[in-house]
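Engineer: Please see the structure below; I have some questions.
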Amino acid sequence: GDGGIDNILLGAPVQARYVKMESSSWSSTTWRNWLNEFEIYGSGGTPPTSTPTPTTSPTSTPGPSPSPTFTATSTATSTPGSGNTTHIGDLDSFTLSAQNTWQAQVWITVHDPSDNPLPGASVTGVWSGGFVGDAACTTNFTGVCVVTSGSIPKNTGSTTLTINGVSYPAYTYTPLSNHDPDGDSNGTSLTILK
């Protein structure tokens, strides 16, 4: 999403017959997805040197915020029991557009006390502003889950997602520990602009 190389490393070997690359961005006459190269390497192999980036660039206007980069190299290492906590480690937003409406999408990263991604955590939140309603998701193996608002009229310029809970067995949610490394939120609440 940032025009650079994003390496996604799996913490343990994964046997799979297929690999799926899914994009949640949208396409119109001005914004486009651009995937230049997609490579998969088996365990024990060494990736070849990267190919040079083409010198020509698309003539379209840059699109929405860059997609988040995930590195799945660590897993939750804390032992369940008293004193274990969980918190939000990042909130990233994207917009999806239709003819007369748009939707907000938020990628939520949940961390354990050591700031490792926490898979299997249940996150709840509430939408306010342009869209009003509840939000809920469960983090995947990278500690990330995604929530999408309902349709928002084009003439409404923003909506806000506020996280109100994270649930994980034997862990306590500590909202005061929430943070966001890129600074686009306080880790608890994120306003998404159309």
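Engineer: Solvent-accessible area of Glu37, probe 1.4 Å, all protein chains present, reported in Å² to the nearest ten, please.
Structural biologist: Here the residue's solvent-accessible area equals roughly 80 Å².
Engineer: Still on this structure: Excluding Phe94 itself, calculate the net charge of residues whose Cβ lies under 12 Å from the Cβ of Phe94, where each Lys or Arg counts +1 and each Asp or Glu counts -1. Let's see the in-between values first.
Structural biologist: Working: positive: Lys194; negative: Asp92, Asp184.
Overall, the nearby charge balance is -1.
Engineer: Based on the Cβ-Cβ distance from Lys154 to Asp184, what FRET efficiency comes out when R0 is 25 Å, to the nearest 0.05?
Structural biologist: Values: r = 23 Å, r/R0 = 0.91.
Rounded to the nearest 0.05, the efficiency is 0.65.
Engineer: Now a separate question. Order the peptides 88-100, 173-185 from the highest to the lowest mean number of other Cβ atoms within 10 Å of their residues. If you can, show how the numbers build up before the last one.
Structural biologist: Values: 88-100: 18.4, 173-185: 14.7.
So the order, starting with the most tightly packed, is 88-100, 173-185.
The values are calculated or read from the model by the stated rules, or taken from the named source; none is laboratory data. Note that this is a predicted model, so its numbers are computed, not measured. So basically every Cβ, Gly included, is an ideal-geometry build from the backbone, and we count neighbours across all protein chains shown. All accessible areas refer to the heavy atoms of the entire protein, side chains included, with ligands and DNA or RNA removed. Shrake-Rupley method; radii C 1.70, N 1.55, O 1.52, S 1.80 Å.
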